Amino acid sequence: MYYTTGTVGTFLNHPTKGKTQLFRRNVSLDLLGQIFRNPRIHTNTGYYRKSNSQSWKSIQEDGREVFEVDSAQRWRYVASATGLSKSDNELVRIANFCNLYDSMYWDRGQEPRLRQKKYGCGSLMVLSNTLLEVAEDLIGCPVKFVHHSGTSEKHPEVSLNWNPCCPGSDVAFLAQHRGDVRNLKYILQGLRRDIRIELIQWFYSRDHSGYQLTNANDESPIITSRADAIVDAHFHYADLAYTKKGAAMMCRYHGTLQI
């Protein structure tokens, strides 16, 4: 249990479904006692892992069932656990951003392998540039990502004619997802400053390991006051959400498979 958010995880051997992992948010002390007495109690709130795929089934307050990718549930947890967001409406918008982002990388239920994105480096180039464009608008000056080794990665120009790895994949990606990219940018721009910074940092570093968002003018890192707590919460989430076998094959910070 995580006291700051009232999140409780139960891990059971279901007679028909096998091993299940159920997480409930905003659990009161009274409900906690009921869960200890009967871990299978129905509360109409929470979410559980569906196998080892990227789809989760969320049980909302009104009883509706919706499917979300792992990054959406991860960020719901991280934002709640760290106090990055205390608004249910804001958490929904964060989850919508994650769902849309990853739906352009992988089909629903597909395992999150960075080397097996639907459009290869086409989706990588377009979405990386989208993150950096929002970051530059937010900070009000040029930005870049600096690797912990000291090397930097600046914002490349978006060009339908430039794609060194997979010629034409960016054209195919935008032909299918131009409206989605526009909507993704709109959702991100509508979130508060600290949330934007943390999402930009996490999604960019998922594709470009070891890079930190930095002001290009004075080389200062662009971070929030909750940065350290957010890193810890990502690892706590992995402890809750993934089986030992699953965690051994993936990045616990990003939830992507390493093979």
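The values are calculated or read from the model by the stated rules, or taken from the named source; none is laboratory data. What you see is a predicted model; the values in this text were computed from it and never measured. Note: ideal-geometry Cβ built from the backbone for every residue, glycine included; neighbour counts use all protein chains shown.
Residues in the range 90-126 that are within 16 Å of V69 (Cα to Cα), hydroxyl-bearing (S, T, Y) and buried (at least 21 other Cβ atoms within 10 Å of the Cβ): how many?
Selection size over the range 90-126: 2.
So that you can scan it fast, the table gives a plain yes or no per residue for (1) modelled with pLDDT under 90; (2) among the polar types (S, T, N, Q):
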site	(1), (2)
V143	no, no
H148	yes, no
S152	yes, yes
W162	yes, no
P167	yes, no
D170	yes, no
L184	no, no
L188	no, no
L199	no, no
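Can you tell me which residue in the range 241-259 is farthest from the chain's Cα centre (by Cα), limited to those that are part of a helix (DSSP H, G or I) and buried (at least 16 other Cβ atoms within 10 Å of the Cβ)?
Only one residue tops the list, namely G246.
If you take the residues of the range 182-230 that are under 18 Å from V78 (Cα atoms) and among the small types (G, A, S), which of them is surrounded by the fewest Cβ atoms within 10 Å (Cβ to Cβ)?
Start the filter on the range 182-230 by keeping residues that are under 18 Å from V78 (Cα atoms), which leaves 188, 191-206, 223-230.
Cutting the leftovers down to among the small types (G, A, S) gives us 205, 225, 227, 229.
Details: S205: 16, S225: 9, A227: 16, A229: 16.
This residue is S225.
Which members of the range 112-142 meet the condition of being of a type outside the set (G, A, S) and touching a strand residue (DSSP E or B) at 6+ places or on another chain (Cβ under 7 Å)?
P112, R113, L132, E136, I139, C141
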